[in-house]
Amino acid sequence: MAGFIADVAFSLRATYQTSIGTSPAALAFGRDMFFPTKYVANWKTVAQQREQQMRRGLARENRKRLAHRYRSGDLVLIRHDMDGQPYGKMMRPASGPYKIVRVLGSTLEIDRGRYLEKINIRRVQPFYSR
């Protein structure tokens, strides 16, 4: 069993990762794990590749968002699919509405009744009364 775990750990460290442009083991040990070649990491390039990948991921996620400008006094719903709790099909998809007290960049301060809560705009959606 111990040999199996060591083999799996080695394969994870030696596998090429697109986010860093090499394998984690090559970065850590300065050599390729399969061939007897030296590897000199260009840390600036590694950082740039990770930054580009992060920006692509954010752009992909933001394409799905509808543009909305939140203002103090607006009503919002808190989405339950974003809070990490189990979400069943019989549950309400959001709770609220809650009133926005203050807008702090990409964070909202909302009035939850007994207390104020700071919450990221990705966890809320605008409330439209019927």
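Values quoted throughout were computed directly from the atomic coordinates according to the rules given, and no laboratory measurement underlies them. These numbers come from a predicted model, not from an experiment. Heads up, the Cβs are rebuilt from the backbone with ideal geometry, glycines too, and the neighbour counts pull from every protein chain shown.
Can you check how the C-alpha radius of gyration of the range 85-130 compares to 2.2 N^0.38 Å, as a plain ratio?
Numbers: Rg = 11.9 Å, N = 46, 2.2 N^0.38 = 9.4 Å.
Here the Cα radius of gyration is 1.27 times the empirical estimate.
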| In whole Hz, what ³J(HN,Hα) sequence does the range 20-30 give by Karplus (6.51, -1.76, 1.60; θ = phi - 60°), x for Gly and Pro? | 10, x, 6, 9, x, 5, 5, 5, 6, 9, x
| field | For the range 45-130, fraction of C-alpha pairs farther apart than 20 Å, in % | value | 46 percent
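Counting other Cβ atoms within 10 Å, which GluC sites (Glu not before Pro) in the range 34-130 have at most 13 and lie in a DSSP loop? Mind showing how you got there, number by number?
Values: sites: E51, E61, E109, E117; in loops: none.
Passing sites in the range 34-130 do not exist.
What 222 nm value per residue comes from the helices of the chain, counting each DSSP H run with n ≥ 4 as -39,500 (n - 2.57) and dividing by all residues, nearest 500 deg cm²/dmol? Write out the running numbers ahead of the final one.
Details: 3 runs with 40 residues, N = 130.
Only helices count here, giving -10000 deg cm²/dmol.
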| note | Comparing M33, M91, M54 in a Gaussian network model of the chain (Cα, 10 Å), the one with the largest mean-square fluctuation is M91
| task | Just need log10 I(q)/I(0) for the range 1-58 at q = 0.19, 0.23, 0.28 Å⁻¹, Debye formula, equal scatterers on the alpha-carbon atoms, no solvent, rounded to two decimals. | result | -0.73, -0.90, -1.08
